[in-house]
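Working notes, structure below.
The values are calculated or read from the model by the stated rules, or taken from the named source; none is laboratory data. This is a predicted model, so every value here is computed, not measured. Note that each Cβ is placed from the backbone with ideal geometry, even for glycine, and that neighbours are counted across all protein chains shown.
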Amino acid sequence: MKKIFIIVSSLIFSCQSENKSVSEVIASNNIELIKLKREEINNKQQEIYKKLNLIDLKLNELENNSKNPIVSTSRIIKQDFNHYVELQGDVKSEKIISIYPEFSGIINEIFVKSGESVDKGQILATIDDGGLKQQLSQLQITYNLAKTTYERQERLWGQKIGSEIQYLESKSMFEAQSKAIEQLTKQLNKTIIKAPFSGIIDNVIVKKGEVVYPGRSNLMLLINMQEMYVESKVPENYINSITKGKDVVIEAPMLNIALKSKIRLVANYINPLNRTYRIEAEIPKNNYKIKPNLNVKLKVNDYTSEDAILIMLNHINIDSNNDEYVYKIINKDGKNYALKTIIETGKNNGNFIEVLKGLTENDEIVSEGARKITNNSEVKIINN
């Protein structure tokens, strides 16, 4: 009976030990429970040791069966290669202006709000004309009289009736009144503020009732969002590779936008202070998220190679002579050997690099395991 009780107690403690963490078992201060937990952990440890031993035995078996280093390889295929130079640029608009009045006076009406789209010629605001319309009406009466007098004197003079002085005086009066009306009409037209082009009123600055002055009072800001471009400064060493018509990718990281375009302008002037020249690339229309003065990245295609030999950058090794090389696989009598091959490289895009000399299409090179081999080493190839 006592043995049965001991067995049952052990089973109970064992279950309790398995269900509790080490910290919980220690905190219990139960010596039996702690001993059982230690035994449990020790058994698991022994089991792990057995598994590790089996793995080590298998590894030793594989290494003994094959004294040759194990490598992975990749095969060379020709493909098009485009290299891009990354530049900083600023978004600009072909049409962005602050509208100023050409006439002094009080703002009578404002017909637009900030953010509103307007068409070319649309009336934006009016300025009190200060009585110019009345003056024009009175002048129109004088003009009509002068015109009638001149036409009558012109007919009489054509019939050789009347004096030449009368004819010339009426003609002079008529021309003077015509010019006066023309000048006054121009002045009156200046009291009407119109949109010089279609766009968006970005900001209405003036308020109704304010007094404005020519060249001093900023009324509103008008922007055309359809005619924008990116301007960038290019170091002069790219003068032969970054030219008009080159492909460009315009990136606005904060907006998660990438747009394709082309260089539309390459300036002829090189800034002597920073040795750069200016380029422009048009922003495709209807990209309203992009704003004037936004800072963007400009990736310019400065080099293109068709049917290029490309390898990954991490496949390249450098020897003590600072020569770049790869291990090319040569098969002899059914065995694979790694031949150290010096290569000449060109431009890279961060992942791949163009090989100018040393490799050809269909060559097989070591992609993994190069550190375990030397020139002409026999290797075992395992590719996933």
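Strands (runs of 3 or more DSSP E) wholly in the range 244-285 with at least 3 residues that are over 18 Å from the mean Cα position of the chain (by Cα) and more than 19 Å from Thr304 (Cα to Cα) - which ones?
257-271
Of the numbered conditions (1) surrounded by 12 or more Cβ atoms within 10 Å (Cβ to Cβ); (2) more than 17 Å from Val118 (Cα to Cα); (3) touching a residue at least 24 places away in the same chain (Cβ under 8 Å); (4) not assigned by TED's automatic domain parsing to the domain that holds Gly131, Leu265 satisfies every one except a single condition; which is it?
Among (1) surrounded by 12 or more Cβ atoms within 10 Å (Cβ to Cβ); (2) more than 17 Å from Val118 (Cα to Cα); (3) touching a residue at least 24 places away in the same chain (Cβ under 8 Å); (4) not assigned by TED's automatic domain parsing to the domain that holds Gly131, the lone unmet condition for Leu265 is (3).
Check Val326 against each of (1) touching a residue at least 60 places away in the same chain (Cβ under 8 Å); (2) touching a Ser or Thr at 6+ places or on another chain (Cβ under 7 Å); (3) closer than 27 Å to Arg75 by Cα and name the one condition it does not meet.
All conditions are met except number (1).
Please verify whether Ser367 is under 24 Å from Glu306 (Cα atoms), of a type in the set (Ser, Thr, Tyr) and in the same structural domain as Ile318 (by TED's automatic domain parsing), treating the condition exactly as stated.
Yes, satisfied.
Among the residues of the range 332-384, write down those that are touching a residue at least 60 places away in the same chain (Cβ under 8 Å), of a type outside the set (Gly, Ala, Ser) and part of a loop (DSSP other than H, G, I, E, B).
Residues satisfying the conditions are Asn349, Leu359, Thr360, Glu361, Asn362, Asp363, Ile373, Ile382, Asn383, Asn384.
Within the range 123-131, is even one residue at pLDDT below 80 and in a helix (DSSP H, G or I)?
no
Is it the case, given these coordinates, that Tyr288 is among the aromatic types (Phe, Trp, Tyr) and either modelled with pLDDT of 90 or more or under 30 Å from Ser377 (Cα atoms) (or both)?
no
Which of the following residues is without any contact (Cβ under 8 Å) to a residue 40 or more places away in the chain and in contact with a Leu (Cβ under 9 Å, 6 or more places away or on another chain): Pro284, Pro272, Pro196?
Just one listed residue meets the conditions, Pro284.
Quick grid of which residues meet (1) of a type in the set (D, E, K, R); (2) more than 30 Å from Gln135 (Cα to Cα):
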position: Asn189; (1), (2): no, no
position: Leu221; (1), (2): no, yes
position: Lys244; (1), (2): yes, yes
position: Lys262; (1), (2): yes, yes
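What single numbered condition from (1) part of a loop (DSSP other than H, G, I, E, B); (2) of a type in the set (Lys, Arg); (3) free of Cβ contacts under 8 Å to residues at least 24 places away in the same chain fails to hold for Lys291?
Failed condition: (3).
For (1) out of contact with any Ser or Thr (no Cβ under 6 Å at 6 or more places or on another chain); (2) on the phi > 0 side of the Ramachandran plot; (3) charged (D, E, K, R), each residue gets a yes or a no:
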residue	(1), (2), (3)
Asp202	yes, no, yes
Val206	yes, no, no
Glu210	yes, no, yes
Glu231	yes, no, yes
Pro235	no, no, no
Ser241	yes, no, no
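Take the residues of the range 188-232 that are among the charged types (D, E, K, R) and in a strand (DSSP E or B): which is surrounded by the most Cβ atoms within 10 Å (Cβ to Cβ)?
Asp202
Go through the range 76-119 residue by residue and tally those that are in contact (Cβ under 8 Å) with a residue 60 or more places away in the chain and in a loop (DSSP other than H, G, I, E, B).
Number satisfying all stated conditions: 15.
Just the residues that are exposed (fewer than 13 other Cβ atoms within 10 Å of the Cβ) and touching a Leu at 6+ places or on another chain (Cβ under 9 Å), please, taken from the range 342-375.
Selection gives Glu344, Gly350, Asn351, Asn375.
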